[in-house]
Amino acid sequence: MINVGLTSVADHPELATRGNRSTFSDYAQHFPVLELDTTFYGLKPVEQVRHWQAQVPSGFQFIIKATRTMTKHEESADTVADFSKFNDMVAPLVASHQLQAVLCQFPPYFGVTAENVRYLQQLNRLLPDLPVAIEFRHPSWYLPAYRANTMALLQAAGDIHVIVDEAQTTSGSVPLVPIATNADLTMMRLHGRNPAWGQTGAKTTERTNYRYSQEELQQFGIIAQHLKSKNVTVIFNNNGGHDAAANAQSLIDLLGLDFPGLAPRQLDLF
């Protein structure tokens, strides 16, 4: 099964039924899965997680981003406590079978080292029984000397490999490596191909400002159909110019996908 979704809930004005900010209920009329990055900046109360759940169908899936201390963007005073609080936060999603994955997106300076390998191995002990998805931003993990070992490391842990599409720049982009490491799920995250992706100081809206062509979407569709996982989730993060929702809908149409558990579509937005 192939699922398609977007990053963020509010930044899709073409989905909004009132004003310019889309809501959970707006979003859930179009896509079966959502990646939330708000948790990267800080944990949310359990009550807020339950509020998210109340606004979407029971079969709707959430991808929750690990906090910046959990993924080494910042140092933590107490790593074990950080993970414990995160586990408590996502408990309602686990109980309702709505947590598709915990997205651990590591920073561009998290390269291949013995220390970092040990940290990856520790992740699953800190997130027991949760589906852990790993996204690398440092290209060393995919160098010919390390790629096979990287995939073996993820596979041994049962981790979900996040296949990345991004602009290939001289500053050290991660290549698209269409390999599944988990039999149940593989994620594809599509960031767009704007050359500003690798520019120091570029704003996120500029870095992700890209509209995929039909030919590029067809290529992603072929990759998704041939991955060796029962489920594949394609997340569009190319939303600097608000292109993600339209691109996602185009991929759904190209692949003839249908998500019967969604709320009825009310508007022809695409």
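Quickly run through segment 30-76 and pick out the residues that are among the small types (G, A, S) and buried (at least 17 other Cβ atoms within 10 Å of the Cβ). It would help to see each step written out before you state the result.
Looking only at segment 30-76, we keep the residues that are among the small types (G, A, S), and these are 42, 54, 58-59, 66, 76.
Scanning segment 30-76 gives a single hit, A66.
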Can you say whether R189 is assigned to a loop (DSSP other than H, G, I, E, B) and either at pLDDT below 95 or more than 24 Å from R118 (Cα to Cα) (or both), as far as the supplied structure shows?
no
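Looking at segment 3-29 only, could you name the residues that are over 14 Å from the mean Cα position of the chain (by Cα) and either farther than 20 Å from A54 by Cβ or open to solvent by less than 10 Å² (accessible area, probe 1.4 Å) (or both)?
If the condition is that a residue be over 14 Å from the mean Cα position of the chain (by Cα) and either farther than 20 Å from A54 by Cβ or open to solvent by less than 10 Å² (accessible area, probe 1.4 Å) (or both), then D11, H12, P13, E14, L15, G19, N20, S22, D26, Y27, A28 are the ones that fit.
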Inspect all residues belonging to segment 166-182 and state whether any of them is under 16 Å from the mean Cα position of the chain (by Cα), part of a strand (DSSP E or B) and free of Cβ contacts under 8 Å to residues at least 40 places away in the same chain.
no
Would you confirm whether or not segment 197-216 contains a residue that is at pLDDT 95 or above, touching a helix residue (DSSP H, G or I) at 6+ places or on another chain (Cβ under 9 Å) and open to solvent by 80 Å² or more (accessible area, probe 1.4 Å)?
yes
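From V102, V112, which residue is at pLDDT 95 or above and part of a strand (DSSP E or B)? Walk me through it before giving the result.
Numbers: V112 fails: part of a strand (DSSP E or B).
Only one candidate passes the filter, namely V102.
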Of the criteria (1) modelled with pLDDT of 95 or more; (2) surrounded by 13 or more Cβ atoms within 10 Å (Cβ to Cβ); (3) among the polar types (S, T, N, Q), which one T79 fails
(1)
Working only within segment 110-151, note down all residues that are open to solvent by 10 Å² or more (accessible area, probe 1.4 Å), under 20 Å from F62 (Cα atoms) and charged (D, E, K, R).
D129
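The values are calculated or read from the model by the stated rules, or taken from the named source; none is laboratory data. Quick caveat, the model's predicted, so the values are computed rather than measured. Positions of Cβ are generated from backbone atoms using ideal geometry, with glycine treated the same way; all protein chains shown enter the neighbour counts. Just so you know, the surface numbers come from the protein's heavy atoms only, side chains and all, with ligands and any DNA or RNA stripped out. Shrake-Rupley method; radii C 1.70, N 1.55, O 1.52, S 1.80 Å.
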